[in-house]
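S.K.: Structure provided below as structure tokens; questions to follow.
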Amino acid sequence: MYEQALFKNRQEGRPATLAEYRAGGGYQALTDTVNKLSPQDLIQALKESGLSGRGGAGFPTWRKWSFVHENAPHPRYVGANTDEMEPGTFKDRVLVNTDPHLVIEGIILAGYAIKAQKAFYFIRPTYEMDAQIIERELQVAREAGFLGQNILGSDFSFDIAVHRSAGRYICGEATAMVQAIMGRRPHPQKNVHMTDAGLWDRPTIVNNAETLACVPLVIRNGGAWFKGLARTETGAGTKLYCISGKVVRPGCYELPMGIPFREILEEVAGGMLPGSELKAFIPGGASTSFMPPKFMDVAMDIDSLKQVGHRFGTGAIIVFDQNTCILGATLNLITYFARESCGFCTPCRQGLPYILDLIQRLENGEGEEDFIPRLRELAGHMDKAYCAFAPGAAAPVKGMLQYFEAEVREHIIQKKCPFK
Amino acid sequence: MIPEPLREKLKSQINQAENPREQAVNVMYEIQRHYGYLTDEGLQEAAAMVGATPLELEELATFYDFIYREPVGRFVLHVCDGVVCWMFHEGSLFDYMCRKLGVCAGEVSADGMFTVLPTACIGYCDQAPAMVVNGRFFGHLTPALIDEILEQLKTETCDLVLCR
Ligand SMILES: Cc1cc2nc3c(=O)[nH]c(=O)nc-3n(C[C@H](O)[C@H](O)[C@H](O)COP(=O)(O)O)c2cc1C
Ligand code: SF4
Ligand code: FES
């Protein structure tokens, strides 16, 4: 029913093989590229496609790649990001399990576009089985001549190594990831442009696995085709949406960018579980805000959500029903964020435990009226932190206060959680 | 001293990387797979092998949550405490496992088999509540299913993957 581009080769139980991937046109984009396209051609096609980052920030991919100067030093690096520790998000795991070569081809094309020599496939430890799939398929790609010295007989040489992480959400932040790969304590580094001096002080681009997987499709079918896959003018391409929580068919689905939440919930995910009614949803992973049902018809793309004051994030939707205490859910989220803070800067390291403490006391029925303005103020301070982690952590708190203030206040009036 | 075969394995792993430091995490994983955790002695030797000071490696070991600086059970039950799993069990499964095994978070069960740890969303939200053990996922957890899984793990002689 919905056009499947990234998930064209999806089947139950196992990833597509190299032969299956090639039968559907796989590695054609790479073959064409090394034979007749310039890095500039790739970047131009991406520009036409409107592809923007699928890792949460939504930055236009062509622009990031074009920041690497023509005469910048070598070696240059690509980081493929499958840290995927944003709660609610599991699309990259499903993608790697569906069509590993689509991701691999995308990484190789990224390498070609910035004239890189090497890529690191950065993956979290709970995805060890997926890391093994990638390693195995990288070897298959090498043996087929798509990777390694003189790819397909051209003068382009490029290889990919899997880099295993050892946990911690912050490692998914691109500048922290680069530190992690270098074997340094992974705090974000905002004082350098990675496209000038990233990994080992060399030009580096980091992209999300899903972003990279879109690239072969753009090169093979053209930028205009990709752009046209979206439902909206403001969107581009398809998107791997995750939906989880109190729905009938939770899962990861490839859908046109800009599809409204109502359609995802009702048509794709089979609606709410019996006995459940929609109370709120989080549109794009734990670092986006709660949204009440009145937003059900907003197009789920980056610009449309921005227009109503929300962030698209990773497109990982979490659905809450009438029996869920939003304060309780926020307590869970802020506990996670306080634990995952890298500890480098004070607003985040000190502020999040403070927010956590206030919310915990509210949930315990020990809250007071002035906790509400204090929470609002503290959540606002998160914008002063060093990296995007802390504003993300504040998003659900702000959403709770914006849309569910009455429910928070009920905890104060009743001196207990009204859901317990 | 770490045993010679392990040392050789580590050396060849390090040699594959352009920069030895890139292998810091892998080397720590190997040592903890061998000893069950990252021993002080192992840390010292690993640091020398990747060209870091022990303190620099300790900076990493203490940062990551899949590096264990104390002994853990043969299997670590990484139980998701993410928001979707929370929605379905509100923490009770974690408590159930601790009660059943007679441990608190991080302790080793009397038979040496299990440690229970809370873990950030493990990317199986569509099958919440979920946990990951020795690289394997278990979803739609219930107390009965947990009993079954624990029995199965006890009798299994499966190889340990990277992170228990
Ligand atoms: C705290 C934090 C965690 C992040 N985690 C991830 C992640 O797991 N995967 C990812 O692709 N991007 C993650 N990002 C975004 C990256 O910094 C970066 O923007 C992204 O990988 C770029 O790829 P894209 O342009 O293809 O989206 C994270 C950002 C922050 C602030
Ligand atoms: S905002 Fe948080 S995660 Fe980011 S640098 Fe500061 S302490 Fe670290
Ligand atoms: S919240 Fe438990 S697997 Fe994602």
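S.K.: Within the set A:Lys64/A:Lys384; A:Lys8/A:Lys36; A:Lys227/A:Lys279; A:Lys246/A:Lys398; A:Lys279/A:Lys306; A:Lys398/A:Lys420, which residue pairs have Cα atoms separated by over 30 Å?
M.R.: Among A:Lys64/A:Lys384; A:Lys8/A:Lys36; A:Lys227/A:Lys279; A:Lys246/A:Lys398; A:Lys279/A:Lys306; A:Lys398/A:Lys420, the Cα-Cα distance tops 30 Å for A:Lys227/A:Lys279.
S.K.: Ignore the peptide's own chain and count Cβ atoms of other chains within 10 Å of each Cβ in A:311-318; give me the average, rounded.
M.R.: Mean number of neighbouring Cβ atoms from other chains: 1.
S.K.: Given Cβ point charges of +1 (Lys, Arg) and -1 (Asp, Glu) and nothing else, what value in debye, to the nearest 20, does the dipole of the protein assembly as shown about its Cα centre take?
M.R.: Using only the charged Cβ atoms, the result is roughly 760 debye.
S.K.: Where q = 0.05 Å⁻¹, what log10 of I(q)/I(0) comes from the Debye formula for the protein assembly as shown, counting one point per Cα?
M.R.: Log-scaled intensity ratios, in q order: -0.20.
S.K.: I'd like the accessible area for B:Cys104, computed on protein heavy atoms only with a 1.4 Å probe and all protein chains in place. Round to 10 Å², please.
M.R.: Only protein atoms counted, so the area is about 80 Å².
S.K.: In segment B:78-110, which residues give up 10 Å² or more of accessible area once the other protein chains are added, compared with their chain alone (1.4 Å probe)?
M.R.: Residues shielded by partner chains are B:Asp81, B:Val83, B:Val84, B:Trp86, B:Met87, B:Phe88, B:Glu90.
S.K.: A follow-up question, please. Can you bin segment B:123-164 into rounded, prolate or oblate? Criterion: square roots of the alpha carbon gyration tensor eigenvalues sorted a ≥ b ≥ c, rounded for a/c under 1.5, prolate for a/b above b/c, oblate for the rest.
M.R.: Taking the square roots of the gyration eigenvalues as a ≥ b ≥ c, segment B:123-164 is oblate.
S.K.: Loop sites only, by DSSP: take the GluC sites (Glu not before Pro) in chain A that have at most 16 other C-beta atoms within 10 Å and name the longest stretch containing none of them.
M.R.: A:71-232
S.K.: Within straight cross-link reach of B:Lys100, meaning Cα distance under 21 Å, which lysines are found once same-chain residues fewer than 8 apart are removed?
M.R.: Answer for B:Lys100, where 21 Å is the Cα cut-off: B:Lys154, listed by chain and number.
S.K.: Something else: Please list log₁₀ I(q)/I(0) at q = 0.15, 0.29 Å⁻¹ for segment B:4-63, using the Debye equation with identical point scatterers on the alpha-carbon positions.
M.R.: Log-scaled intensity ratios, in q order: -0.36, -1.37.
S.K.: How much accessible area does A:Tyr354 have with a 1.4 Å probe, in Å² rounded to the nearest 10?
M.R.: Using a 1.4 Å probe on the heavy atoms, I get roughly 100 Å².
S.K.: Counting only Cα atoms, I'd like the Rg/Rh figure for segment B:75-155, Kirkwood definition for Rh.
M.R.: 0.92
S.K.: Another one. Compute the semi-axes of the equivalent ellipsoid of segment A:326-414, taking the square root of 5 times each eigenvalue of the Cα gyration tensor, and list them largest first in whole Å.
M.R.: Computed over segment A:326-414, the values are 22, 12, 11 Å.
S.K.: Could I ask something else about it? Tell me, what is the per residue accessible area of the protein assembly as shown in Å², probe radius 1.4 Å?
M.R.: Per-residue accessible area for the protein assembly as shown comes out at 37 Å².
S.K.: As I understand it, the value is the acute angle between the Cα axis of helix A:405-414 and the longest principal axis of the Cα atoms of chain A; what does it come to in degrees, rounded to 10?
M.R.: The two axes meet at around 40 degrees.
S.K.: Something else now. Of the heavy-atom accessible surface of segment B:4-63 (probe 1.4 angstrom), what whole percent is carbon and sulfur?
M.R.: On segment B:4-63, the fraction of accessible area on carbon and sulfur atoms equals 50 percent.
S.K.: From zero up to wherever the largest Cα-Cα distance of segment A:239-384 sits, split into 5 Å bins and tell me the percent of pairs in each.
M.R.: Pairs per bin, as whole percents: 2, 9, 17, 19, 17, 15, 12, 7, 2, 0.
S.K.: Using C-alpha positions alone, give me the convex hull volume of segment A:6-143 per residue in cubic angstrom.
M.R.: Per-residue hull volume (Cα only) is 128 Å³.
S.K.: Same structure again: Using only Cα atoms, find the angle between the long axis of helix A:100-113 and the longest principal axis of chain A, and express it within 0 to 90 degrees, rounded to the nearest 10.
M.R.: On a 0 to 90 degree scale, this one is about 70.
S.K.: Considering only C-alpha atoms, what is the centroid distance from segment B:31-102 to segment B:106-131, in Å?
M.R.: Each part reduced to its Cα centre gives a spacing of 11 Å.
S.K.: Moving on. Quote the Stokes-Einstein diffusion coefficient, in whole µm² s⁻¹, for segment A:238-321, based on the Kirkwood radius over alpha carbon pairs, a temperature of 4 °C and a viscosity of 1.567 mPa s.
M.R.: In µm²/s, the coefficient is 106.
S.K.: Moving to a separate point now. Averaged across the residues of A:225-237, what count of C-beta atoms belonging to other chains lies within 10 Å of each residue's C-beta?
M.R.: Rounded to a whole number, the mean comes out at 0.
S.K.: What is the helix-to-structure angle for A:389-403, meaning the angle in degrees between its Cα long axis and the longest Cα principal axis of chain A, kept from 0 to 90 and rounded to the nearest 10?
M.R.: 40
S.K.: Once you have a ≥ b ≥ c as the square roots of the Cα gyration tensor eigenvalues for segment A:18-227, tell me rounded if a/c is under 1.5, and otherwise prolate or oblate according to whether a/b is larger than b/c.
M.R.: rounded
S.K.: Next question, about the same structure. Find the sum over both chains of the accessible area lost when B and A are paired, probe 1.4 Å, and report it in Å² to the nearest 100.
M.R.: Using a 1.4 Å probe on protein heavy atoms, the buried area is about 3700 Å².
S.K.: If I build a Gaussian network model for chain A, linking alpha-carbon pairs within less than 10 angstrom, which residue out of A:Leu18, A:Leu109, A:Leu255 has the largest mean-square fluctuation?
M.R.: A:Leu18
S.K.: Normalise the Cα radius of gyration of chain B by 2.2 N^0.38 Å (N = residues in it) and let me know the number.
M.R.: Against the empirical 2.2 N^0.38 Å value, I get 1.13 for chain B.
S.K.: Take every Cα pair under 8 Å in segment B:80-164 that's 6+ residues apart, average their separations, divide by the length, and report that relative contact order as a whole percent.
M.R.: About 28 percent, as a whole number.
S.K.: Report the Cα centroid-to-centroid distance between segment A:372-414 and segment A:179-238 in angstrom, as an integer.
M.R.: Taking the Cα centre of segment A:179-238 as reference, the centre of segment A:372-414 is 30 Å away.
S.K.: Taking just the alpha-carbon atoms of segment A:131-228, what radius of gyration and Dmax come out, in angstrom?
M.R.: 16.0, 42
S.K.: Taking every pair of Cα atoms in segment A:20-68, average 1/r, invert it to obtain the Kirkwood radius, and report Rg/Rh to two decimals.
M.R.: That ratio is 1.05, to two decimals.
S.K.: Quick check: at a probe of 1.4 Å, how many percent of the accessible area of chain A sits on carbon and sulfur atoms?
M.R.: Here carbon and sulfur together make up 51 percent of the probe-accessible area.
S.K.: Run the 1.4 Å probe and let me know the accessible area of A:Asp303, rounded to the nearest 10 Å².
M.R.: 60
S.K.: Count, for each residue of A:80-86, the Cβ atoms from other chains sitting within 10 Å of its Cβ, then give me the mean as a whole number.
M.R.: Across A:80-86, the average partner-chain Cβ count within 10 Å equals 2.
The values are calculated or read from the model by the stated rules, or taken from the named source; none is laboratory data. Please read all numbers here as calculations on a predicted model, not as lab measurements. All Cβ positions, glycine included, derive from the backbone under ideal geometry; neighbour counts span all protein chains shown. The accessibility values were calculated without ligands, DNA or RNA, using every heavy atom of the protein model including side chains. Shrake-Rupley method; radii C 1.70, N 1.55, O 1.52, S 1.80 Å.
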